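*Asks:* Encoded as structure tokens, here's the structure I'll be asking about.
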Amino acid sequence: MTQSWNSGYVTDIAYIEGFYVQQSPARMALACLLGNVAAELPEPDDEACYLELGCGVGIGALVTAASNPGWQVTAIDYNPAHIAIGAGLARAARLDNIRFMEADLAQLATSRQADAIPQADFVSMHGLWSWVSNDVRAGIVRLLASKTRAGGLVHLSYNALPAWQGALGMQRLIYEAGVRTIGRSDVQAQAGLAVARDLKGVESRYLTESSITRDLLDTTVAMSTEYLPHEYMSAHWAPAFHADVAAALAEAKLDWVSSINPMENFPELMLTPEQRDIMNRYKDPILRELIKDMCLPRQLRHDLFVRGARRLYNDQRDAALSRLTVVPIVSPGELQTEIHVPAGMAEVGDKLQNMMAAAVRGPATVGELLALGGGRNPAELVGVLVGSHQCQIAVRSDGDQPESANRLNRVFGSRVNSIVAGKTPGALASSRLGTGLTAPPLLQFIAARLLSGERESSADAWIKALSADVVPEKHDTVRHVVHTAIEQRLPILRRLGIVPD
Ligand SMILES: C[S@@+](CC[C@H](N)C(=O)[O-])C[C@H]1O[C@@H](n2cnc3c(N)ncnc32)[C@H](O)[C@@H]1O
């Protein structure tokens with residue numbers, strides 16, 4: 001449905017709630033260091049500013065504010081429904097260090113509203129760039145130029161080329177068939193997808209010859225009603241080459257540094273030896289990235305930019321990485337030393353295995369782990385631990401949660417009233433992580449109950465509450481899932497200080 005203010009983006013159905021760890025300050029700082037550029041990681045009580053553009057309902061911004069009571073967080077979106085939901089959650093959790101601002105990014109930089117936005121140490125934009133018009137992108141660059149402080153870090157995710165090239169026709173077909181359908185944009189997206197699936201069924205050349213369209217059309221069946229129109233029904237949907245994004249952000253004096261997904265920065269994990277030989281003919285980082293993107297199935301890029309790169313020599317970088325603390329987010333029994341990477345399955349060597357085993361019993365600094373295992377490569381160790389989702393960077397290794405984090409976690413959990421609730425990963429705020437821990441609704445529910453003074457001995461009551469809309473034959477499954485979460489996930493929440501011991 002067209003609305004005069006939407007500039008071709010979907011506004012008649014709110015976007016899904018989601019938490020994406022790539023938006024966290026610690027992940028941005030890690031990426032910066034991995035790219036041989038200095039980065040500071042302020043503590044939760046320090047003064048720092050975090051800015052999110054196109055925040056949706058703002059789960060990442062809320063979690064950042066609640067985990068870091070000393071910071072000022074600004075979350076901007078032009079959809080009043082998103083702002084109302086995010087501001088409502090902030091009010092419910094009584095967060096006084098987050099401001100939700102309703103503004104159109106096309107004009108914001110030159111409007112009076114911009115005066116209220118402080119210069120940011122960290123800026124994040126997830127799922128915005130490749131879905132908005134050139135005017136909005138230009139407005140974003142103007143805002144970044146004036147609101148990123150010198151030395152500030154910027155995270156930008158976008159649909160990447162050439163990985164999406166085989167699906168350009170598919171999106172256009174979904175969009176054109178969709179806009180000719182009467183109804184809300186979720187109805188339009190479904191109508192467009194139906195035509196695309198029908199055409200694929202009769203061997204449409206461009207819906208069958210690339211693996212991306214073959215797989216996408218199947219997976220969209222299970223995707224949420226709220227997600228699909230935002231992905232496919234934007235009039236300006238345009239996947240981008242990394243080189244073009246880097247050139248656009250250079251206008252705001254932003255330098256591309258690295259990928260926020262740590263392992264993507266290690267060519268030996270991403271490319272075959274023959275592909276690496278060709279990439280290694282070149283030193284230019286933009287050309288090297290294009291060569292990587294020509295070889296990898298990387299549809300969504302998470303890039304890290306810095307405003308003013310303070311380059312580090314390798315020994316300075318290694319020293320800074322060695323000082324980082326890693327904290328496990330899996331239990332010791334879940335340690336994985338065989339890791340799935342685009343170049344295949346990477347079985348890490350014995351030394352690295354020993355250090356990883358020590359890390360999942362952590363917290364520990366990267367330097368301490370290296371000393372234990374006789375290793376010499378902090379970048380590889382921290383890259384594999386964080387990139388394989390077995391550890392996160394801790395901004396501090398102990399200390400109580402601030403009440404703001406407890407309040408937000410109680411608000412998140414109080415909204416879960418069924419085991420079948422929620423489709424996208426939510427989060428629990430953790431001051432030790434300075435961000436959130438990805439958490440399904442069940443874990444949010446359990447954390448909120450524990451934060452309200454209940455103990456695990458209440459598990460039977462929890463199972464009853466969570467099973468209200470579950471058929472009786474499935475109650476045993478609910479019981480099993482709840483007990484597994486208590487046994488396996490609760491120790492991790494305790495180690496992170498999210499719930500009391
Ligand atoms: C795909 S959603 C991503 C939301 C959020 N970052 C997330 O990942 O959950 C894109 C967001 O950009 C917002 N947006 C689109 N055009 C905008 C504009 N011109 N000004 C401000 N926000 C805009 C939309 O309202 C939407 O919330």
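The values are calculated or read from the model by the stated rules, or taken from the named source; none is laboratory data. Owing to the predicted nature of the structure, the values given are computational and were not obtained by experimental measurement. Note that each Cβ is placed from the backbone with ideal geometry, even for glycine, and that neighbours are counted across all protein chains shown.
*Asks:* Checking GLN113 against (1) touching a residue at least 40 places away in the same chain (Cβ under 8 Å); (2) in the same structural domain as TYR50 (by TED's automatic domain parsing); (3) surrounded by fewer than 20 Cβ atoms within 10 Å (Cβ to Cβ); (4) more than 28 Å from LEU290 (Cα to Cα), which test does it fail?
*Replies:* Of (1) touching a residue at least 40 places away in the same chain (Cβ under 8 Å); (2) in the same structural domain as TYR50 (by TED's automatic domain parsing); (3) surrounded by fewer than 20 Cβ atoms within 10 Å (Cβ to Cβ); (4) more than 28 Å from LEU290 (Cα to Cα), only one is false for GLN113: (1).
*Asks:* Let me ask something additional. Please find, among ARG281, ARG317, ARG276, the residue that is among the charged types (D, E, K, R) and within 25 Å of GLY152 (Cβ to Cβ). Step through it out loud before you land on a result.
*Replies:* Working: ARG281 fails: within 25 Å of GLY152 (Cβ to Cβ); ARG276 fails: within 25 Å of GLY152 (Cβ to Cβ).
Just a single option satisfies the conditions, and that option is ARG317.
*Asks:* Another question about this same structure. Which of (1) buried (at least 20 other Cβ atoms within 10 Å of the Cβ); (2) out of contact with any helix residue (DSSP H, G or I) (no Cβ under 6 Å at 6 or more places or on another chain); (3) outside any strand (DSSP E or B) does THR213 not meet, given it meets every other one?
*Replies:* Of the numbered conditions (1) buried (at least 20 other Cβ atoms within 10 Å of the Cβ); (2) out of contact with any helix residue (DSSP H, G or I) (no Cβ under 6 Å at 6 or more places or on another chain); (3) outside any strand (DSSP E or B), the odd one out for THR213 is (2).
*Asks:* Is there a residue in segment 36-50 that is assigned by TED's automatic domain parsing to the domain that holds HIS302 and within 14 Å of the ligand (Cβ to nearest atom)? Outline the logic, then answer.
*Replies:* First pass over segment 36-50, keeping only residues assigned by TED's automatic domain parsing to the domain that holds HIS302: 36-50.
Among the residues that remain, those that are also within 14 Å of the ligand (Cβ to nearest atom) are: 50.
The answer is yes, given that some residue of segment 36-50 is assigned by TED's automatic domain parsing to the domain that holds HIS302 and within 14 Å of the ligand (Cβ to nearest atom).
*Asks:* Cβ-Cβ distance below 7 Å, separation of 6 or more or different chains: which pairs start in segment 27-45 with a residue that is within 14 Å of ASN68 (Cβ to Cβ) and end on one that is charged (D, E, K, R)?
*Replies:* Going by the 7 Å Cβ cut-off, the qualifying pairs are PRO42/ASP121; GLU43/ARG396.
*Asks:* Please determine whether any residue of segment 144-163 is basic (Lys, Arg) and within 25 Å of MET294 (Cβ to Cβ). Spell out the reasoning first.
*Replies:* Step one: list which residues in segment 144-163 are basic (Lys, Arg), which gives 147, 149.
Going one step further and asking which of them are within 25 Å of MET294 (Cβ to Cβ), we end up with none.
Scanning segment 144-163 turns up no residue that is basic (Lys, Arg) and within 25 Å of MET294 (Cβ to Cβ).
*Asks:* From ALA106, ALA31, ALA14, ALA84, which residue is within 13 Å of the ligand (Cβ to nearest atom) and assigned to a helix (DSSP H, G or I)? Give the steps one after another, and end with the answer.
*Replies:* Numbers: ALA106 fails: assigned to a helix (DSSP H, G or I); ALA31 fails: within 13 Å of the ligand (Cβ to nearest atom); ALA14 fails: assigned to a helix (DSSP H, G or I).
Of the residues listed, the single one that is within 13 Å of the ligand (Cβ to nearest atom) and assigned to a helix (DSSP H, G or I) is ALA84.
*Asks:* Would you list the helices (runs of 4 or more DSSP H) that sit entirely within segment 224-329 and hold 2 or more residues that are among the small types (Gly, Ala, Ser)?
*Replies:* 242-250, 314-323
*Asks:* I've got another one for you. When the residues of segment 265-308 are narrowed to those that are in contact with a Gly (Cβ under 8 Å, 6 or more places away or on another chain) and of a type outside the set (Val, Ile, Thr), which ends up surrounded by the fewest Cβ atoms within 10 Å (Cβ to Cβ)? So that I can check it myself, show each step before the final result.
*Replies:* Kept after step one, since they are in contact with a Gly (Cβ under 8 Å, 6 or more places away or on another chain), are these residues of segment 265-308: 265-266, 304, 306-308.
Next cut, of a type outside the set (Val, Ile, Thr) only: 265-266, 304, 307-308.
Numbers: ASN265: 21, PHE266: 19, LEU304: 28, ARG307: 22, GLY308: 14.
Looking at residues that are in contact with a Gly (Cβ under 8 Å, 6 or more places away or on another chain) and of a type outside the set (Val, Ile, Thr), I get GLY308.
*Asks:* When SER124 is evaluated against the numbered criteria (1) in a helix (DSSP H, G or I); (2) in the same structural domain as TYR78 (by TED's automatic domain parsing), which criterion, by number, is the only one it fails?
*Replies:* (1)
*Asks:* A follow-up question, please. Out of (1) closer than 15 Å to VAL395 by Cβ; (2) part of a loop (DSSP other than H, G, I, E, B), the odd one out for GLY56 is which?
*Replies:* Among (1) closer than 15 Å to VAL395 by Cβ; (2) part of a loop (DSSP other than H, G, I, E, B), GLY56 violates only (1).
*Asks:* Suppose we filter segment 438-458 for residues that are part of a helix (DSSP H, G or I), under 29 Å from VAL21 (Cα atoms) and not aromatic (Phe, Trp, Tyr); how many remain?
*Replies:* Kept after step one, since they are part of a helix (DSSP H, G or I), are these residues of segment 438-458: 441-451, 456-458.
Next cut, under 29 Å from VAL21 (Cα atoms) only: 441-451, 456.
The next check asks that each one be not aromatic (Phe, Trp, Tyr); those that pass are 441-444, 446-451, 456.
Matching residues across segment 438-458 total 11.
*Asks:* Filter segment 339-395 down to residues that are in a loop (DSSP other than H, G, I, E, B) and among the β-branched types (Val, Ile, Thr) and give me whichever is surrounded by the fewest Cβ atoms within 10 Å (Cβ to Cβ). Quick ask: steps written out before the conclusion?
*Replies:* So the first thing to find is which residues in segment 339-395 are in a loop (DSSP other than H, G, I, E, B), and the list is 342-343, 348-349, 360-363, 374-377, 388-390, 395.
Applying the additional criterion that residues be among the β-branched types (Val, Ile, Thr) yields 348, 360, 395.
Working: VAL348: 18, VAL360: 21, VAL395: 26.
Restricting to residues being in a loop (DSSP other than H, G, I, E, B) and among the β-branched types (Val, Ile, Thr), the top hit is VAL348.
*Asks:* Okay, next question. Go through segment 313-338 residue by residue and tally those that are among the aromatic types (Phe, Trp, Tyr) and surrounded by 18 or more Cβ atoms within 10 Å (Cβ to Cβ). Talk me through it step by step, then tell me what you get.
*Replies:* We begin by selecting, within segment 313-338, every residue among the aromatic types (Phe, Trp, Tyr); these are 313.
The next check asks that each one be surrounded by 18 or more Cβ atoms within 10 Å (Cβ to Cβ); those that pass are none.
Selection size over segment 313-338: 0.
*Asks:* If you don't mind, there's one more thing I want to ask. Residues of segment 142-160 being more than 13 Å from the ligand (Cβ to nearest atom) and part of a helix (DSSP H, G or I), which ones?
*Replies:* Our first condition is that a residue be more than 13 Å from the ligand (Cβ to nearest atom); within segment 142-160, this holds for 144-154, 160.
Result: LEU144, ALA145, SER146, LYS147.
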